[in-house]
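Notes follow the structure.
The values are calculated or read from the model by the stated rules, or taken from the named source; none is laboratory data. Since the structure is predicted, the reported quantities are computational estimates derived from the model, not experimental observations. No Cβ is skipped: glycine too gets one built from the backbone with ideal geometry, and neighbour counts run over all protein chains shown.
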Amino acid sequence: MKRLMPFFLLLIVLCVACTSNKDKEHKKPDKEDARSTLTTNSTAEIVADQLQTPWSIQKSGTAFYIAERPGNIVKIEEGAVDRQQVMLKKELSTAPEAGLLGFVLAPNFSTAKVAYAYYTYVEGSEQFNRIVTLTLSDNKWQETDLIIDRIRSGTYHHGGRLQIGPDGKLYATVGDATQPSLAQNLDALEGKILRINLDGSVPNDNPFPKSYVYSYGHRNPQGMAWAADGTMYASEHGNSANDEINLIEKGKNYGWPIIEGMDQQQGMITPLYTSGASKTWAPSGMAIVNNQLYVAALRGSAVLQFDVTNNKQDELFTEFGRIRDVFVEEGYLYFISNNTDGRGNPQSRDDKLYRTPL
């Protein structure tokens, strides 16, 4: 037996070495593309991290532009992250849910360097929201033209999403400023979705004469998206539950505060989907492709997926915490976490911009 011991020891050493070499062969290399290094985090890749309460995702060419609530625009391109200062004419509010919110690039941004922004500001003891144009020059954004001012702002419920519709108009979601009755008042802008010419004037074909109001009866809408056929969808925060995904039609009343969830009343529209009376999504930004509607969920801590053709729904990417906005382009879904907004539990180097193939 003693004579065999050296042979057995040699055999053990050879097996260990063989196993080690196999581990090295099967270890996956770091994922990388020609433009930037992407860190894999579970089911999605990190495009950029250490964002400061991001709110909106926009993209022009190869560059992303991410609006942050404290008052910056972050440009992300070819692996470089550049935080650009935004020079506003009013004092930016730091109240809960307030700050620099909606941000959308103008259709001619590549040449004009103009974008539209929605922000909350403080004036004396009062607080308001306004929609303005921003112009990029020398790596800074400067507020230039005023579109709409003195939209009422409560402690919460600012709305704030901006999008350019397929008709070339600027759309804005406005919350009820924690004054629910305003949502049913057609003389008020609060609790509405607005439709605006890019020069700030009222479109002649809006449903109510000389009014920006496109739809009303909204509590706190924070997302908009259009399908390829022009169908418009919007997300809306319910009152503690009953969050909604609505199909938006010109001039229609979506019921708040008279009805919510799947309640029905003549002349008012019920949602396509609701979280129900016992669950909260807190839905925010939206995107749609191939009849799949993707919705960022804050309290839901996921990207929600709705198949609007087959009436199915699912939860995606539940491991990244609060999600504020989504963006779809060229076969990829992009989304931003929002864990540094004071209501989440930040992970290491939060917040982040993620991407995943569709």
Open item on the list: So, in segment 99-110, how many residues would count as being free of Cβ contacts under 8 Å to residues at least 40 places away in the same chain and surrounded by 20 or more Cβ atoms within 10 Å (Cβ to Cβ)?
Closed with: 0
Task: Members of segment 235-262 found to be among the charged types (D, E, K, R), surrounded by fewer than 24 Cβ atoms within 10 Å (Cβ to Cβ) and touching a Gly at 6+ places or on another chain (Cβ under 7 Å), listed by number - done: E260
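Would you mind stating whether A188 is more than 18 Å from Y116 (Cα to Cα), surrounded by 15 or more Cβ atoms within 10 Å (Cβ to Cβ), in contact with a His (Cβ under 9 Å, 6 or more places away or on another chain) and aliphatic (A, V, I, L, M)?
Details: more than 18 Å from Y116 (Cα to Cα): yes; surrounded by 15 or more Cβ atoms within 10 Å (Cβ to Cβ): yes; in contact with a His (Cβ under 9 Å, 6 or more places away or on another chain): no; aliphatic (A, V, I, L, M): yes.
No: the conditions fail for A188.
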- [ ] List the number of the failed condition for H157; all other conditions in (1) touching a Phe, Trp or Tyr at 6+ places or on another chain (Cβ under 8 Å); (2) surrounded by 13 or more Cβ atoms within 10 Å (Cβ to Cβ) hold.
- [x] (1)
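Taking the options M286, M268, M262, name whichever one is within 21 Å of K312 (Cβ to Cβ) and in a loop (DSSP other than H, G, I, E, B). Lay out the reasoning, then the answer.
Working: M286 fails: in a loop (DSSP other than H, G, I, E, B); M268 fails: within 21 Å of K312 (Cβ to Cβ).
M262 is the lone residue from the list that is within 21 Å of K312 (Cβ to Cβ) and in a loop (DSSP other than H, G, I, E, B).
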Task: Criterion: over 28 Å from Q58 (Cβ atoms) and either in contact with a Pro (Cβ under 8 Å, 6 or more places away or on another chain) or at pLDDT below 95 (or both) - qualifying residue of G267, G251, G217, G230 - done: G251
Open item on the list: So, in segment 127-154, exactly how many residues are surrounded by fewer than 18 Cβ atoms within 10 Å (Cβ to Cβ) and farther than 21 Å from L189 by Cβ?
Closed with: 7
Task: Filter pass, V303 being surrounded by fewer than 21 Cβ atoms within 10 Å (Cβ to Cβ), within 12 Å of the chain's Cα centre (by Cα), modelled with pLDDT of 95 or more and under 24 Å from D243 (Cα atoms) - done: no
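Looking only at segment 276-298, which residues are of a type in the set (S, T, N, Q) and either under 12 Å from M224 (Cβ atoms) or out of contact with any Lys or Arg (no Cβ under 9 Å at 6 or more places or on another chain) (or both)?
We begin by selecting, within segment 276-298, every residue of a type in the set (S, T, N, Q); these are 278, 280, 284, 290-292.
If the condition is that a residue be of a type in the set (S, T, N, Q) and either under 12 Å from M224 (Cβ atoms) or out of contact with any Lys or Arg (no Cβ under 9 Å at 6 or more places or on another chain) (or both), then S278, S284, N290, N291, Q292 are the ones that fit.
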- [ ] Filter segment 49-83 down to residues that are aromatic (F, W, Y) and either more than 20 Å from G342 (Cα to Cα) or in contact with a helix residue (DSSP H, G or I) (Cβ under 9 Å, 6 or more places away or on another chain) (or both), then give me how many there are.
- [x] 2
Open item on the list: Is it the case, given these coordinates, that R152 is in contact with an Asp or Glu (Cβ under 6 Å, 6 or more places away or on another chain), over 26 Å from Y65 (Cβ atoms) and not aromatic (F, W, Y)?
Closed with: yes
Open item on the list: Quick check on segment 111-126: of everything there that is touching a strand residue (DSSP E or B) at 6+ places or on another chain (Cβ under 6 Å) and surrounded by fewer than 20 Cβ atoms within 10 Å (Cβ to Cβ), which residue is nearest to I151 (Cα to Cα)?
Closed with: V122
Open item on the list: Every residue in segment 90-120 that is assigned to a strand (DSSP E or B) and of a type in the set (S, T, N, Q), please.
Closed with: T120
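Yes/no per residue for (1) under 26 Å from A287 (Cα atoms); (2) basic (K, R); (3) without any contact (Cβ under 8 Å) to a residue 40 or more places away in the chain; (4) assigned to a strand (DSSP E or B):
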| site | (1), (2), (3), (4) |
| --- | --- |
| N129 | yes, no, no, yes |
| T144 | no, no, yes, yes |
| H157 | yes, no, no, no |
| L162 | yes, no, no, yes |
| G168 | yes, no, no, no |
| A172 | yes, no, no, yes |
| T178 | no, no, yes, no |
